[in-house]
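Taking it in order: structure first as structure tokens, then the write-up.
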Amino acid sequence: MKAVKEFICNPLPTANCHASTVLPLPDGSVVSAWFGGTKEGKDDVDIWYARRDDSGWSEPKKLSRARTLPHWNPVLFLRKNGEILLFFKVGKKIPSWRTFVSTSKDGGRSFGEARELVAGDRSGGRGPVKNKCIRLSDGRVLAPASSESKGWHCFVDASADEGETWKKSAAVKTERTAPILNRENGYTANKIPMIQPTLWESAPGKVHMLTRTSVGRIYRSDSEDYGESWCEAYPTCLPNNNSGIDLVAVPDGTLFLVSNPVEENWGERSPLTLSKSEDNGKSWETVLTLEEEKIDSEFSYPAIEYFNGSLYITYTYERTNVAFWKIEP
């Protein structure tokens, strides 16, 4: 395995950063975006992005929709026509996030003025909530979504017109459990709280998701109809510390997952590992430790993509930088 690690910019233009996204492009360049400001949730937090080519990473640029509202969770997506969409959330309270999208027509060098993805939506956000969209075998785009209004719920948004309009699925059902108190909003749930799914399609119409939960375990749900409906979510063998995960399926069907393998609700966000599955997610093997375990350290919210034989990974590094890996597995 050949692997190269670097930082996007050292130092970054803001004191704090989080929630990166990564997109390799056909010309060999790479685009990444994240949110940054004085601290997560503060009014000066905006979306930042940078582009990497043979000369290295460009200076980060800022994208802002509102001057006095925090920005969150950018997600990049490549359209068939070569345009790049940059989705992100805006709002002080997560349950009432609005989703915006901006378009780049020059390979990620610049992005135009952002528009609201679903006009008037105040449900906590539509489109991708943290992880990338996938293109299904029937050509549609599927976005992994979730809401944190009156509990944590996963769903998907589907688009048949390259991200112009979206159709929301029903929430994925979860098993009943003892009451669980969410420390962020004080809401008590009687079902497994799940957010921030990551998606893959194993065969035409057969779509799957892994989800972040607050019960120490990654959960999974499956669809037999291109994401129109989903089975009740069930636990996997994978530990989860109630922090973000992401995976990608490569052409031979192998899955690569980046996560913090910590079985504790709100546990340490360290170590950060790369695992693979060759049986469609039934079993997993750790193939690389991206960051070693350190007390009170944070290596979190990974994003992973695949292009032309290589894996591309970004993640939060101690909330002060965005780390980037290119790996040839």
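The values are calculated or read from the model by the stated rules, or taken from the named source; none is laboratory data. The model shown is predicted, which means the values in this text are computed figures rather than measured ones. With ideal geometry, Cβ positions are generated from the backbone for all residues, glycine too; neighbour counts draw on all protein chains shown. Quick note on the areas: whole protein, heavy atoms, side chains included, nothing else; ligands and nucleic acids left out. Shrake-Rupley method; radii C 1.70, N 1.55, O 1.52, S 1.80 Å.
ARG140 fulfils the conditions (1) of a type outside the set (A, V, I, L, M); (2) modelled with pLDDT of 95 or more; (3) open to solvent by 50 Å² or more (accessible area, probe 1.4 Å) except for a single criterion, (3).
Taking the criterion of being surrounded by fewer than 23 Cβ atoms within 10 Å (Cβ to Cβ), closer than 14 Å to LEU199 by Cβ and either in contact with a helix residue (DSSP H, G or I) (Cβ under 7 Å, 6 or more places away or on another chain) or of a type outside the set (A, V, I, L, M) (or both), would at least one residue in segment 227-239 satisfy it?
Within segment 227-239 (the criterion being surrounded by fewer than 23 Cβ atoms within 10 Å (Cβ to Cβ), closer than 14 Å to LEU199 by Cβ and either in contact with a helix residue (DSSP H, G or I) (Cβ under 7 Å, 6 or more places away or on another chain) or of a type outside the set (A, V, I, L, M) (or both)), the answer is yes, since at least one residue qualifies.
Within segment 1-32, the set of residues being more than 20 Å from VAL75 (Cβ to Cβ), at pLDDT 95 or above and not acidic (Asp, Glu) comprises LYS5, PHE7, PRO13, ALA15, GLY28.
Would you point out the residue of segment 275-286, among those that are under 21 Å from the mean Cα position of the chain (by Cα) and either outside any loop (DSSP other than H, G, I, E, B) or among the aromatic types (Phe, Trp, Tyr) (or both), that is farthest from TYR234 (Cα to Cα)? That would be THR286.
Is it the case that ARG52 is part of a loop (DSSP other than H, G, I, E, B) and open to solvent by 10 Å² or more (accessible area, probe 1.4 Å)?
Answer is no for this residue.
Please tell me if VAL4 is surrounded by fewer than 14 Cβ atoms within 10 Å (Cβ to Cβ) and in a strand (DSSP E or B). For VAL4, the condition - surrounded by fewer than 14 Cβ atoms within 10 Å (Cβ to Cβ) and in a strand (DSSP E or B) - is met.
Check whether at least one residue in segment 74-84 is part of a loop (DSSP other than H, G, I, E, B), farther than 22 Å from LEU199 by Cβ and either under 18 Å from the mean Cα position of the chain (by Cα) or of a type in the set (Gly, Ala, Ser) (or both), and report yes or no. Yes, segment 74-84 has at least one match.
Filtering segment 287-327 to residues that are part of a strand (DSSP E or B), open to solvent by 40 Å² or more (accessible area, probe 1.4 Å), closer than 19 Å to GLU268 by Cβ and β-branched (Val, Ile, Thr) leaves only THR289. Checking each residue in segment 17-33 for being assigned to a strand (DSSP E or B) and closer than 16 Å to SER104 by Cβ picks out THR21, VAL22, LEU23, PRO24, VAL30, VAL31, SER32, ALA33. The condition (being in contact (Cβ under 8 Å) with a residue 24 or more places away in the chain, out of contact with any Gly (no Cβ under 8 Å at 6 or more places or on another chain) and over 19 Å from VAL129 (Cβ atoms)) is satisfied by just one residue among TYR219, TYR312: TYR312. Note on segment 149-245: enclosed strands (runs of 3 or more DSSP E) holding 1 or more residues that are modelled with pLDDT of 95 or more are 153-159, 194-203, 206-213, 217-223, 234-239. If the condition is being basic (Lys, Arg) and crowded, with 21+ Cβ neighbours inside 10 Å, then segment 67-93 contributes only LYS89. Checking segment 55-62 against the condition returns a match, with at least one residue being aromatic (Phe, Trp, Tyr) and more than 24 Å from GLN196 (Cα to Cα).
For segment 94-107, check the following and say yes or no: at least one residue is open to solvent by 20 Å² or more (accessible area, probe 1.4 Å) and part of a strand (DSSP E or B). Yes, segment 94-107 has at least one match.
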